[in-house]
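Take a look at the structure set out below.
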Amino acid sequence: MKLDRLISILVILLRKERVQAKELAERFGVSVRTILRDVDAINLAGIPIVTYQGVNGGIGIAEGYRLDKSVLTENEMAALITTLKGIGGSIPDNNNDMLMEKFKNTLSVQQLDRVNTKASQLIIDLVPWGGNESIRGKLGEIRQAIETKKKIEFEYLDSSGNKTIRIVEPYSLILKGQNWYMYAWCHVREDFRFFKLSRIRGMSITEVVFIPREAFVEEHPWENEWQKPDKFITLELMFEDELRNIAEEWFGESIYFNPDGRIMAEIKLPENNWLYGFLLSFGSGIEVINPPHIREMLGKKAKEIVEKYLNKYDRQLSCLECYNVEKAKGGNKNEL
């Protein structure tokens, strides 16, 4: 794009005293005539560009004119580079790399070394363990749909396991609690909704262009939905001593110690299938004290798990016993 090229030329001129038009033309893959027109455009913007003749000639900013290159401090530059690297690892976007290069081009070699050192002191890696190419693919497609204002159609699996076909108008991608979500206007619900990308199946970008609605994304409206009182229950949990570190990691200051030494936690969480799986993930090291219906639900699920694995084990044991009996009789094991 012409605007990107103009900014890039200006950044180069800020770093170099003079540069030849031919060098710029080769760098940006355009003609020398196009570069000269770009220089005229920069001139019209109020930044005096001078063409110097001779062996050491070229294009440069007029002497006596100084465009402040220290709009950002080294600490601020390092913070931006750290953030861009973190986002770039999760969302495929070449613009992040280009933007980092533009920042770096305004620095001297010594300044660049200091900024790189500062940027390496904090590393943000948003990619889950083992990677997730499926989510990366969805992020790229949804971002393109947001930019082109095209509707998206997909099958959605909610937290209760219900499947619905949705047609939405995408507005924002949101990283919340290590999970990616899409904030969009849903034609089925006729309202804005929050969609978890890992629950989206068979997504396709349609050719239908939508007219943007007024969306107050900066106010984080999804928080209001999450914090509705009717979605939460108060849980009283007891942890075995060997899970003390895990309990402190998950619940922090919400834990306390009974006189008998038991580790207790009282927290509020939304009641759904996620909650049951979350509590079961602690295995036998946790006991739900209250509310009673959660105790009953977890007991039922734990019993189903035990029966499933015990029945499978019993069948395997039975086959093994039959094999041993036949082997003792001299039977053919291939007949079993």
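Structure above, values below:
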quantity	calculated
Descending semi-axes in whole angstrom, ellipsoid equivalent of the range 2-61, from the Cα gyration tensor	15, 14, 11
Asp38, Asp4 arranged by Cβ crowding within 10 Å, fewest neighbours leading	Asp4, Asp38
Rounded, prolate or oblate (a/c below 1.5 giving rounded, otherwise prolate when a/b exceeds b/c) for the range 133-226 by Cα gyration tensor	rounded
Ranking of Val32, Val209, Val19, Val109 by count of other Cβ atoms within 10 Å, fewest first	Val109, Val209, Val32, Val19
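Every number in this text was worked out from the coordinates using simple rules, so none of it is lab data. Bear in mind the structure is a predicted one, so any value in this text is a computation, not a measurement. Positions of Cβ are backbone-derived with ideal geometry, glycine not excepted, and every protein chain shown enters the neighbour counts.
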